[in-house]
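Throughout, read-outs are computed from the coordinates displayed, never taken from laboratory work. Quick caveat, the model's predicted, so the values are computed rather than measured. Glycine gets a Cβ as well: all are built from the backbone with ideal geometry, and neighbour counts include every protein chain shown.
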Amino acid sequence: MFEQSLKNIDNILRADNAGGALDYIEQTSWILFLKYLDDLEETKKTEAALAGKKYSYILEPQYRWGSWACPKDIVGKLDHHKALDGDDLRDFVNIKLFPYLKKFKISAENSDTVEYKIGEIFSELKNKIQSGYSLRNILDIIDNLHFRTEEEKHEWSHLYESKIRGMGNAGQDGGQYYTPRPLIKTIVKIVAPKIGDTIYDGACGSAGFLVEAFNYLSGNREELSTKDWNILQHKTFYGKEKISLPYIIGIMNMILHGIEAPNIKRTNTLSENLTDIQEKDRYSIILANPPFGGKERKEVQQNFPIKTGETAFLFLQHFIKILKAEGRAGIVIKNTFLSNTDNASVSLRKLLLENCNLHTVLDLPGGAFQGAGVKTVVLFFEKGAPTKKVWFYQLNLDRNLGKGNPLNENDLAEFVELQKTKKDSENSWSLDVKDVEQKTFDLSVKNPIKSDEVVLREPKEILAELKELEGEGAEIIREISKYL
């Protein structure tokens, strides 16, 4: 029922011309959020009554779901005399509801509350549904959906993930919205967070890493104490996201997976100066897939000791700095980081090896990320001691990865097992850092067992690199032109 409801909503939005495919999930999300909030308030009201207490609603009466969205008559059916429709409904949402909800960002006691998230979400978006009649049809569909039982929330979380996955497959920026869940689950297993850790993703997108870390830690819910559950809810997961759409989706994704007030901030992580990071700002676990291929402005680069326009390299500096001593990280980055000979790449590899124990590198095949034309690796490291030995695992599959043949957890099972002991195999080997060239700190993935093989690169990877080099060349020419 839930799946068909989402399809029906997409059809209504398409007919309404409410933007493109990415806008559909944004518009569905804000309505789902308000329905979720209504169910949450009713659940808390019932819990308070059972405890002999009175519940204080977050929203004023006229802004609650049962007042404006779907008021009911005495038999529980939609009251057509009270229910707004057409222009009246659209104007109420645009002129009254959204401005009211935005104010919570100012009035909330702190940023960790549901109230603050309400204000933050509705400060970041606007209603793009042009017809009030279309909006009425969507409200009627969503009114029949509920978030009250664990089964309902579980089903919703899976459906929402599938919507995000569809966004990830929709275009060249797929990785921004969706990192393959089998890969995320594997990274979480290797890093192995525990209750009490603070888990951070400074480029959280749709919050896939935070959601999977929550699933990992809350897997046996019945075994968790009330204290443990409160720690997971309020003092464990932290994220930052620069762009409005993935930020909103990330909050909704975490809520649907069971985190009531996600600690995600809408901010540009790279605008923070590294010298301003203090011990109180640090985290014990970092899980991330920062955007790569982006170009940051000169003023942003000034926040970092190693100057580079490459977004992912700036994020890596940020992650190393903001990780606690003995903290652990699993970070996706493009594989050229291991071998590039430019000053920034060399300096960054040196920084990583000297300040952290880069104990594991997972080399992924082309096609692991839908819509991304570059190959990637995952860096696993611990902060506080220099690297002595790096264990490499090269994921070699007997098939080409693609939209109809994605990465799965079985593909990564051997890696997970061998990583426990850092065992050598046909696909894995160790590199002693004292054998690494000390001028370039080259960490290229070179399987000594298959050293005679010629590795053919994917055409998409070659094209993506050519585009990147073309962009870098144009930037250099512009810089030179200033002096002519």
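Report Rg(Cα)/(2.2 N^0.38 Å) for segment 170-325, keeping two decimals.
Rounded to two decimals, the normalised Rg is 1.04.
Counting only DSSP beta bridges with both residues in the chain, what percent are antiparallel, rounded to the nearest 5?
55 percent
Once you order the gyration tensor axes a ≥ b ≥ c over the Cα atoms, which shape class does segment 48-173 get: rounded for a/c under 1.5, otherwise prolate or oblate by comparing a/b with b/c?
rounded
Rounded, prolate or oblate: which fits segment 396-446 when a ≥ b ≥ c are the square roots of the eigenvalues of the alpha-carbon gyration tensor, with rounded for a/c under 1.5 and prolate only if a/b beats b/c?
The shape class here is oblate.
Run the dipole for the chain about the Cα centre, Lys and Arg Cβ at +1, Asp and Glu Cβ at -1, nothing else charged, and hand back the magnitude in debye, nearest 20.
800 debye
Given a Förster radius of 22 Å and the C-beta distance between Lys72 and Thr43 as r, what FRET efficiency does 1/(1 + (r/R0)^6) yield to the nearest 0.05?
0.75
At a Förster radius of 22 Å, what calculated FRET efficiency corresponds to the Cβ-Cβ distance of Ile449 and Thr421, to the nearest 0.05?
Efficiency, rounded to the nearest 0.05: 0.80.
Return the distance in nm (one decimal) between the two label points of a simple spin-label model at Leu224 and Gln438, each offset 7 Å from Cα along Cα→Cβ.
4.9 nm
Between segment 204-253 and segment 399-441, what's the alpha-carbon centroid distance in Å?
Between the Cα centre of segment 204-253 and that of segment 399-441, the gap is 28 Å.
Got a sec? How would His359, His257 order by Cβ neighbour count within 10 Å, fewest to most?
His359, His257
What do you get for GluC sites (Glu not before Pro) in segment 67-167 restricted to DSSP loop and a cutoff of at most 11 other Cβ within 10 Å of the site's Cβ?
Taking segment 67-167 and a limit of 11 other Cβ atoms within 10 Å, the loop GluC sites (Glu not before Pro) found are Glu109.
Beyond 26 Å, what share of the Cα-Cα pairs of segment 159-453 remains, rounded to the nearest whole percent?
Cα-Cα pairs of segment 159-453 separated by over 26 Å account for 42 percent.
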